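The structure appears right after this line, and notes come after that.
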Ligand code: HEM
């Protein structure tokens, strides 16, 4: 499939199974030229050491305000241009230090000040309510459920919306916009969803200004650091980032973690027999089937060398976490789920200055959700052929549309 200097064109099959392609590319060399399914030409890094180094290298920029020419230059001519709207994009994931440092400091002040431990009782309560609902439906004779719609989605969206102060009546609309934005839908469809979401955020923040609450949005409005504070545009973008990053990924940690277990009965039995193994199992789910496949596309501010390959300035570089986390040089027998694997620093939460702000919350939610599910429904089983499961058509998010399961 790949010749030394050939360009690999990824198509829709990449969404269903990126691992085979990553293994081929990794064997072919540390960095390969690839065309992403949406028509963007990039350099793709596939081994653990170089992905990690790339993510920490500040000569590779996340600054979206400077990336437009590179995206324009490196797209298939028959594909529509990638356009960034400042209304939702002025956030830390799209910026470099020192702007990134400034934004991250303000949010961590408001977000991580108290840690996440105090959220455990509420997350357990929400999880128990959802499991009670499922148990009642089982008692009424239902057997088949969509684990995502019925459990994995409602939990994190409720947690992040409560944390931020988003009314529960708006959550479904929010989910709809979120999955459209992260999908491979036509640009005009994505643009409309972004506009609707930006308008919604502006209204939400205006409401909080009038009526402050004991929530993160109010804390972000008030967050100050040496006289510095977030501008209105930054507030809208920050809220957008937290809402989107804060739920879609966690939904997939719960669902893909469960899917991985259902496909590895020995591991499922082991975990069921000792739930004390859960923290290690969560790390293995994140490595094995993490929720972020390709993180933010970086662009080179100056010529760089990755894995001995020279890359000129103005190029686009991607460092897929899903490729790094299955590198056999780092993780022996990488395609096997092993919940007792020795800890080995997977990259599912990224690396470097953009390392995930929400990692402790995601781990906590994953743990509570899977512990609850396994204790309550020890006989859970898959209600579909794994080959028929459909993955999101997104290069960023790795997650299923639905996960049919049988509960008894
Ligand atoms: C399993 C769940 C999650 C996964 C796998 C995940 C993964 C990631 C990754 C890979 C990045 C870095 C992206 C890059 O370098 O381009 C990131 C950044 C980020 N994540 Fe998460 N995330 C998860 C949950 C959350 C949650 C629950 C929140 C918030 C409540 C959150 C908020 C953020 C924010 C704000 C950033 C940007 C950090 C920065 O630019 O400095 N994430 N996440």
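See the values below:
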quantity	calculated
Options 302, 365; residue that is at pLDDT 95 or above and surrounded by fewer than 16 Cβ atoms within 10 Å (Cβ to Cβ)	302
Test for residue 260: is it under 26 Å from residue 354 (Cβ atoms), in contact with a strand residue (DSSP E or B) (Cβ under 7 Å, 6 or more places away or on another chain), touching a residue at least 40 places away in the same chain (Cβ under 8 Å) and within 16 Å of the ligand (Cβ to nearest atom)	no
Condition check for residue 187: within 16 Å of the ligand (Cβ to nearest atom) and more than 18 Å from residue 246 (Cα to Cα)	no
Test set (1) more than 16 Å from the ligand (Cβ to nearest atom); (2) part of a helix (DSSP H, G or I); (3) surrounded by 21 or more Cβ atoms within 10 Å (Cβ to Cβ) - residue 372 fails condition number	(3)
Filtered residue count, segment 354-366, keeping only those that are assigned to a helix (DSSP H, G or I) and either over 30 Å from residue 318 (Cα atoms) or within 6 Å of the ligand (Cβ to nearest atom) (or both)	3
Spans of helices (runs of 4 or more DSSP H) in segment 195-274 with at least 2 residues more than 30 Å from residue 147 (Cβ to Cβ)	216-222, 232-262
Any chance residue 97 is at pLDDT below 95 and either within 16 Å of the ligand (Cβ to nearest atom) or exposed (fewer than 14 other Cβ atoms within 10 Å of the Cβ) (or both)	no
Long-range neighbours under 7 Å by Cβ, at least six apart or interchain, first residue more than 22 Å from residue 399 (Cα to Cα) and in contact (Cβ under 8 Å) with a residue 60 or more places away in the chain within segment 233-251, second more than 7 Å from the ligand (Cβ to nearest atom) and not in a helix (DSSP H, G or I)	233/90; 234/90; 237/90; 237/91; 238/91; 238/230
Only one of 197, 201, 238 that is within 14 Å of the ligand (Cβ to nearest atom) and in contact with a helix residue (DSSP H, G or I) (Cβ under 7 Å, 6 or more places away or on another chain)	238
Residue, farthest from the ligand (Cβ to nearest atom), within segment 151-183, restricted to residues that are under 20 Å from residue 86 (Cα atoms) and touching a residue at least 60 places away in the same chain (Cβ under 8 Å)	183
Cβ-Cβ under 7 Å pairs, at least 6 apart or on other chains, segment 98-112 side closer than 15 Å to residue 352 by Cα and touching a residue at least 40 places away in the same chain (Cβ under 8 Å), far side near the ligand (Cβ under 9 Å from one of its atoms) and assigned to a helix (DSSP H, G or I)	100/92; 100/353; 104/92
Residue in segment 116-129 that is in contact with a strand residue (DSSP E or B) (Cβ under 9 Å, 6 or more places away or on another chain) and within 12 Å of the ligand (Cβ to nearest atom) present	no
Residue in segment 141-161 that is surrounded by fewer than 20 Cβ atoms within 10 Å (Cβ to Cβ), under 23 Å from the mean Cα position of the chain (by Cα), at pLDDT below 90 and not in a helix (DSSP H, G or I) present	no
Subset of segment 385-408 (residues that are farther than 27 Å from residue 277 by Cα and either at pLDDT 95 or above or within 17 Å of the chain's Cα centre (by Cα) (or both))	385, 388, 389, 390, 391, 392, 393, 394, 395, 396, 401
The listed residue being within 30 Å of residue 224 (Cα to Cα) and more than 23 Å from the chain's Cα centre (by Cα), out of 98, 30	98
Test: residue in segment 40-49 that is out of contact with any strand residue (DSSP E or B) (no Cβ under 6 Å at 6 or more places or on another chain), buried (at least 17 other Cβ atoms within 10 Å of the Cβ), closer than 29 Å to residue 237 by Cβ and at pLDDT 95 or above	no
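Residues checked against (1) at pLDDT 95 or above; (2) surrounded by 13 or more Cβ atoms within 10 Å (Cβ to Cβ); (3) within 16 Å of the ligand (Cβ to nearest atom); (4) closer than 20 Å to residue 36 by Cβ:
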site	(1), (2), (3), (4)
54	yes, yes, yes, yes
64	no, yes, yes, yes
67	no, yes, yes, yes
73	no, no, no, yes
77	no, no, no, yes
80	no, no, no, yes
88	no, yes, yes, no
91	no, yes, yes, no
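The values are calculated or read from the model by the stated rules, or taken from the named source; none is laboratory data. For clarity, every value in this text was computed on a predicted model and none was experimentally measured. Counting neighbours? That spans all protein chains shown, and the Cβs are built from the backbone with ideal geometry, glycine included.
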